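Some notes on the structure that comes next.
The values are calculated or read from the model by the stated rules, or taken from the named source; none is laboratory data. These numbers were taken from a predicted model, which means no experiment stands behind them. Glycine gets a Cβ as well: all are built from the backbone with ideal geometry, and neighbour counts include every protein chain shown. Just so you know, the surface numbers come from the protein's heavy atoms only, side chains and all, with ligands and any DNA or RNA stripped out. Shrake-Rupley method; radii C 1.70, N 1.55, O 1.52, S 1.80 Å.
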Amino acid sequence: MEEIHFLLPTPKIDRLLNKANLSWQDIIQARRVCSGNCTSWILTTYMRLKGAGIPCHAVKTMPKKGIVIADRDSLGNKYPYLGDVMLICAKGDREFHPSAYMHIAHNASESQLQSNRIWNPYFIYHWPQPEIIPRNSYRGTRITTAAFYGSRSNLAQELTSNHWLEALKNIGCNWLPRHTPAAWNDYSDVDIIIAI
């Protein structure tokens, strides 16, 4: 079997590589020094495969041979011929990488478009987020709080308007945008998630 390498060029996450499981706090810390895609696809997949006993290695630079799974942002915009390396690019919401043999897509439509077939995309679901705090059951079936989870830059302008806030208020609902990553695992006081 070919060696499986995970390209993790950020030395600031080395201490996480020997853990048995990643906590939500570990993921938050990792995202401060590497992209969310690198954390979600590369680091988490490496940890899970290693934990399952599958032989794999975290590497800081591109090896000379073997299977390499890398985040699109870690690969940059140079497109070398990689010879004995089978590069699998976890592209996230970035463009395809011309040096990759195949791509991991987190949007199913990217793997279904005929025009993308040349890039060899495969849809794989995201890993479950660790340490989810579920909605409190005491809230029953009432809907009084709507929330958005994510960075401010990803929130549609329409959802920052007074018109939106008034519309929610008129139906007895509060707006709770959660922009702090430390709170992205807590759904205890939320009834509806607004995702765009």
In this structure, is residue 94 free of Cβ contacts under 8 Å to residues at least 40 places away in the same chain and either charged (D, E, K, R) or more than 19 Å from residue 35 (Cα to Cα) (or both)? no
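Listed here are the residues, each with its yes/no results for (1) of a type in the set (Phe, Trp, Tyr); (2) free of Cβ contacts under 8 Å to residues at least 12 places away in the same chain.
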residue: 98; (1), (2): no, no
residue: 112; (1), (2): no, yes
residue: 119; (1), (2): yes, no
residue: 164; (1), (2): yes, yes
residue: 174; (1), (2): no, no
Being basic (Lys, Arg) and surrounded by 14 or more Cβ atoms within 10 Å (Cβ to Cβ) is the filter; apply it to the range 49-77 and report the residue that is nearest to residue 9 (Cα to Cα). 72
Output the residue which, of all residues in the range 134-155 that are open to solvent by 90 Å² or more (accessible area, probe 1.4 Å) and within 15 Å of residue 184 (Cα to Cα), is farthest from the chain's Cα centre (by Cα). 152
May I ask you to verify whether residue 125 is exposed (fewer than 14 other Cβ atoms within 10 Å of the Cβ) and of a type in the set (Phe, Trp, Tyr)? yes
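Regarding residue 179, is this residue touching a Gly at 6+ places or on another chain (Cβ under 9 Å) and either exposed (fewer than 14 other Cβ atoms within 10 Å of the Cβ) or touching a residue at least 24 places away in the same chain (Cβ under 8 Å) (or both)?
For residue 179, the condition - touching a Gly at 6+ places or on another chain (Cβ under 9 Å) and either exposed (fewer than 14 other Cβ atoms within 10 Å of the Cβ) or touching a residue at least 24 places away in the same chain (Cβ under 8 Å) (or both) - is met.
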Take residue 184 and tell me if it is under 29 Å from residue 37 (Cβ atoms), aromatic (Phe, Trp, Tyr) and open to solvent by 90 Å² or more (accessible area, probe 1.4 Å). no
